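A.B. asks: Got a structure for you, written out below as structure tokens; questions coming shortly.
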Amino acid sequence: MQSARTLARARGSISRAMSTSPSGLVPRLEQLLGRDAVLTQGDSMDKYCRDWLGQYGERALAVVRPNSTEQVAAVVRACSELKVPLVPQGGNTGLVGGSVPRSGEVLLSLERMHSVRFFDQDSNVLVAEAGCRLQETDEWLRREHSRCIPLDLAAKGSCTLGGNVSTAAGGVHVVRWGGLHSSVLGVEAVLADGTVVDGIRTARKSNTGYHWSHLFVGAEGTLGIVTAVALAVPPAPRNRAVAMVGCADWEGVRRLVHRALGPDGLAETISALEYLDAGSVDMAVTWGGARDPLDERYPYTVLLEAASADLSSCSQRLEHVVQSAIVAEEAVTGVIASSTQQERELWAVRESVTLALTKRGAGVKLDVSVPLSRMAGPEGAVVAARRHLANELPPGWLSNATSADFESLCGAGWNGGVDEGGVCVVGYGHVGDGNLHLNASIPSLRKARGMPEGREDALFAGAVAWTPPQLADAHSRVGAALLPWVPQWITEHGGRGASVSAEHGVGVSKLSYAGLSRGEGEELLMRRLKAALDPLNLLNPGRVMTSDH
Ligand code: FAD
Ligand code: MLT
Ligand code: ZN
């Protein structure tokens, strides 16, 4: 749960609480890596010590930037001897507060380890260092070898392969290629005592015992530092077709999802299947600068992408799905992009929601797996959360919550205008694989992230006019109302199709409720693994699991 203290910190600068560096640590690190690879001054460390959402992070003892596996191992050994905790960091785009330090910790950035080691043409396996950026590496692979990384997400320009593997990042192509567990063939990692384990394999098959490399997929830096990865990479589809459709109700979305995923739908050409509710589209347009391509705002908007080597097969299949969905009254209307520029515009609506939310004022960010019937619509999590908030918060706090037809509008996926002030709840996500992003946005006074000119007035001219202290209060009240209420609701209504953390990881922000999706035996196993691999609890302590027992 995001406490008032955490959120208050979010609006201030990074905590300067200085924790004493064990004597000799910094000179030793400088000796190992060279002085330019060790940062200790406030300003130079800031970007590493604050997370993307601006909600977490304290001043590190030092930021170290090794350029080889040997240097990583040397740093880990030095920290282990002095019992100093370490936080590995890739692109620092994580959304759960796990990539930034607390005071008393050393931040180890992999940014200097950004070489592709090799591409094996026979097995179609890429071996690359952990600090390689996703987009850059993907573009190189497409250009040089007509292959692609089977992962795409809006933070691709900054996030790294090591961070992707460590968070088991999902993104928009899981519906086609599965998660990273399907493509990671092996990792090279540095363990907590500095031991280097080399699991890099180009063999597609290797059954020589435990598939230990997969322990590092999603471990969020708590079991070791990933220094390189071997990834199976598919042929890059040469053509793609993108469409966006408007649906009047959730039942229409469900039927459309079944159609698109079925054998008569996009079949093997399926590349992405995403949804946004009206509030999310509003958010993307008002705060993210996107253009809504549909003639009017629909309760639900679905983005479909088909991709294949052959242009006619993906565009014909997509057109057929969209037309049949309209005839079957699953969708009301649809547009199919007819140029690369239009494809980008359609994707911009979906990809800009995250940044748009932080501009308006992020509040509570949830990332859950839930069966389709319980995702949105009258029986779904988004409506349940909105109703719950309307009951818990003072009248008028929820955007348009006092409107007489609130109930029916909620059921239809309506969110209240995002420009009207107050708290609003939006739902969007990877509907093709059952991953819902449920977010509550609370108007923010922070201008630093580029709040559009004049929007502040719009926000505060609504039903609620909050002063900054009232805003801090609003953050803690919304947090207290939604957490752990929504994760509990998901667990209760989603059965075995539910997870309270789908793709962003646990970090620190989901610590208080991650246990809802872990059985007692699983919790015990995780703790035994952690104790075996990191007995001194020095690698990302207190992330993923609490450090208390
Ligand atoms: P970081 O943020 O630096 O680190 C993330 C975690 O991994 C931390 O716990 C860190 O300690 C650990 N770590 C990093 N590198 C290593 C390493 N080499 N060895 C061991 N541990 C390491 N996520 C999704 O899953 N799907 C999405 O669709 C998605 N969309 C996003 C859109 C936006 C706009 C943003 C800002 C984020 C999005 N994310 C998404 C979250 C984030 O981008 C992913 O979690 C990404 O995989 C993090 O990569 P990174 O290199 O930035 O890792
Ligand atoms: C997304 O799918 O857009 C990302 O996971 C980020 C988010 O949840 O906002
Ligand atoms: Zn996502």
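A.B. asks: Here is a check on your reading of the model: is residue 169 within 16 Å of ligand 3 (Cβ to nearest atom), in a loop (DSSP other than H, G, I, E, B), open to solvent by 40 Å² or more (accessible area, probe 1.4 Å) and in contact (Cβ under 8 Å) with a residue 60 or more places away in the chain? Even if it seems obvious, please write down each step before you answer.
C.D. replies: Values: within 16 Å of ligand 3 (Cβ to nearest atom): yes; in a loop (DSSP other than H, G, I, E, B): yes; open to solvent by 40 Å² or more (accessible area, probe 1.4 Å): no; in contact (Cβ under 8 Å) with a residue 60 or more places away in the chain: yes.
Taking the combined requirement at face value, the residue does not satisfy it.
A.B. asks: Return the residues of the range 172-197 that are aliphatic (A, V, I, L, M) and open to solvent by 20 Å² or more (accessible area, probe 1.4 Å); say none if nothing qualifies.
C.D. replies: Within the range 172-197, 174, 175, 185, 191, 196, 197 qualify.
A.B. asks: Suppose we keep only residues that are open to solvent by 10 Å² or more (accessible area, probe 1.4 Å) and among the hydrophobic types (A, V, I, L, M, F, W, C) within the range 484-520. Which one would you say is nearest to residue 384 (Cα to Cα)?
C.D. replies: So the residue we want is 489.
A.B. asks: Look through the range 1-54, keep the residues that are modelled with pLDDT under 60 and of a type in the set (Ser, Thr, Tyr), and return whichever of them is farthest from residue 504 (Cα to Cα).
C.D. replies: Of all residues in the range 1-54, those modelled with pLDDT under 60 come to 1-19.
Going one step further and asking which of them are of a type in the set (Ser, Thr, Tyr), we end up with 3, 6, 13, 15, 19.
Values: 3: 20, 6: 19, 13: 25, 15: 25, 19: 29 Å.
Ranking the qualifying residues of the range 1-54, first place goes to 19.
A.B. asks: Filter the range 155-166 down to residues that are assigned to a loop (DSSP other than H, G, I, E, B) and either open to solvent by less than 10 Å² (accessible area, probe 1.4 Å) or within 18 Å of residue 435 (Cβ to Cβ) (or both) and give me whichever is farthest from ligand 1 (Cβ to nearest atom).
C.D. replies: Within the range 155-166, the subset assigned to a loop (DSSP other than H, G, I, E, B) is 155-159.
Next, from what is left, pick out any that are either open to solvent by less than 10 Å² (accessible area, probe 1.4 Å) or within 18 Å of residue 435 (Cβ to Cβ) (or both): 155-156, 159.
Details: 155: 4, 156: 8, 159: 3 Å.
This residue is 156.
For every residue, the table says whether it meets (1) of a type in the set (D, E, K, R); (2) away from ligand 1 (no atom under 16 Å from the Cβ); (3) open to solvent by less than 10 Å² (accessible area, probe 1.4 Å).
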| site | (1), (2), (3) |
| --- | --- |
| 94 | no, no, no |
| 118 | no, yes, no |
| 123 | no, yes, no |
| 141 | no, yes, yes |
| 145 | no, yes, no |
| 148 | no, yes, yes |
| 153 | no, no, no |
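A quick yes/no check of all residues on (1) open to solvent by 40 Å² or more (accessible area, probe 1.4 Å); (2) part of a loop (DSSP other than H, G, I, E, B):
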| site | (1), (2) |
| --- | --- |
| 307 | no, no |
| 315 | no, no |
| 319 | yes, no |
| 322 | no, no |
| 338 | yes, yes |
| 367 | no, no |
| 376 | no, yes |
| 385 | no, no |
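A.B. asks: Could you check the range 188-294 for strands (runs of 3 or more DSSP E) lying wholly inside it with 2 or more residues that are farther than 16 Å from residue 431 by Cα?
C.D. replies: 196-198, 225-232, 239-247
The values are calculated or read from the model by the stated rules, or taken from the named source; none is laboratory data. These numbers come from a predicted model, not from an experiment. Cβ coordinates were reconstructed from backbone atoms using ideal geometry, including for glycine residues, and neighbour counts include every protein chain displayed. Side chains included, ligands, DNA and RNA excluded: accessible areas come from the protein's heavy atoms. Shrake-Rupley method; radii C 1.70, N 1.55, O 1.52, S 1.80 Å.
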